[in-house]
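J.: One structure, pasted below without further comment.
The values are calculated or read from the model by the stated rules, or taken from the named source; none is laboratory data. Keep in mind that what you see is a predicted model, and the values were worked out from it rather than measured. So basically every Cβ, Gly included, is an ideal-geometry build from the backbone, and we count neighbours across all protein chains shown. Side chains are part of the model used for accessible areas, which takes the heavy atoms of the whole protein and leaves out ligands, DNA and RNA. Shrake-Rupley method; radii C 1.70, N 1.55, O 1.52, S 1.80 Å.
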Amino acid sequence: MDYLLAENLSCIRGSNTVFKNLSFKVSRGQILHITGTNGSGKTSLLRMIAGFIDPSDGKIIPEQNYTYKDVHFVGQKYALKKNLSVEKNLSLWSHLYQKKINTDQILSDLDLAHYKNNDTEVLSDGQKRRLSIARLFIHSAPIWLLDEVHVHLDSEWQAKLNQYIYNYTNEGGMVLISSNTKIELNSNIDINLTHYNV
């Protein structure tokens with residue numbers, strides 16, 4: 001995928017217009033950073049791009065029904081199986097994406113090797129966040145949609161995550177990332193959704 005184009009997108013919930021007339025274009029190798037106040041539609045926009053919800057108006061080009069193999073959506077929730085071990089959560093993603101993985105290497109890279117056999121519910125929020133982004137390294141997808149993924153990461157891991165993002169875009173990936181706080185990320189395009197609220 002060479003680019004993603006949004007034309008006059010609107011999001012309406014009930015009688016409330018969350019945002020409207022939003023247009024942008026993101027190309028391969030670029031980072032789009034989405035900011036805005038709580039309720040401005042950051043998560044809704046990313047879910048719209050992922051194909052989870054439809055825009056109330058406007059369109060997204062290329063127009064297609066994304067599958068789980070086309071897009072990595074990493075949300076604010078960790079999407080981990082609490083009753084499974086750290087290793088088994090990775091195995092679950094490996095099975096989903098039908099990819100063989102080096103579990104020990106991934107856990108070592110994420111500083112989680114010592115928790116390999118622990119259930120995820122015993123992990124700290126920061127550790128859960130690190131485990132949740134592991135899926136980014138299991139399967140390559142054209143687009144990363146990252147919803148406030150810097151939350152609960154310390155400064156060291158925020159910097160590491162930023163480097164993962166830079167490496168990915170240097171290889172031609174496309175990243176749309178939201179944040180509710182200041183993050184030290186060099187983006188190509190910045191959108192403040194508060195400016196599109198009505």
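J.: Work through the residues other than ALA6 whose Cβ is under 9 Å from its Cβ and net out their charges, Lys, Arg +1 and Asp, Glu -1.
T.: +1
J.: Note down the net charge around SER132, summing +1 for each Lys or Arg and -1 for each Asp or Glu among other residues with Cβ under 12 Å from its Cβ.
T.: Its environment carries a net charge of +3.
J.: Lysine pairs in the range 1-109 with Cα distance under 14 Å, only those 8 or more apart or on different chains: how many are there?
T.: Close lysine pairs found across the range 1-109: 5.
J.: Using r as the Cβ-Cβ distance of TYR3 and HIS139, and R0 as 22 Å, what FRET efficiency do you calculate, to the nearest 0.05?
T.: For R0 = 22 Å, the calculated efficiency reads 0.55.
J.: Mind giving me the nanometre distance, one decimal, between the label points for PHE52 and ASN21, set 7 Å out from Cα along Cα→Cβ?
T.: 2.8
J.: Just the number, please: percent antiparallel of the DSSP beta bridges in the chain, rounded to the nearest 5.
T.: 45
J.: In nm, what is the difference between 0.36 nm times the number of residues separating THR194 and THR181 and their Cα-Cα distance?
T.: 3.3 nm
J.: Summing Lys, Arg as +1 and Asp, Glu as -1, what charge do residues with Cβ under 15 Å from the Cβ of LYS88 carry, LYS88 excluded?
T.: My count for the surroundings of LYS88 gives +1.
J.: Between ASP125 and SER91, what is the label-to-label distance in nm when each label sits 7 Å out along the Cα-to-Cβ direction?
T.: 3.0
J.: Just from the alpha-carbon atoms, what are the Rg and Dmax of the range 21-112 in angstroms?
T.: Here Rg and the maximum Cα pair distance are 16.6, 46 Å.
J.: I've got another one for you. How much of the accessible area of the range 112-196, probe 1.4 Å, is carbon plus sulfur, in whole percent?
T.: Reported share for carbon and sulfur atoms: 42 percent.
J.: Then there's this: Pairwise over distinct Cα atoms, reciprocal of the mean inverse distance: report the Kirkwood radius of the range 117-198 in Å, one decimal place.
T.: So the Kirkwood estimate lands at 14.2 Å.
J.: Tell me, what is the 1.4 Å probe accessible area of SER56, in Å² to the nearest 10?
T.: Accessible area of SER56: about 60 Å².
J.: Residue-wise, which Karplus ³J(HN,Hα) couplings in Hz belong to the range 22-35, taking 6.51 cos²θ - 1.76 cosθ + 1.60, θ = phi - 60°, and x for glycine or proline?
T.: Result, ordered by residue: 9, 10, 6, 9, 10, 10, 3, x, 10, 10, 10, 9, 10, 10 Hz.
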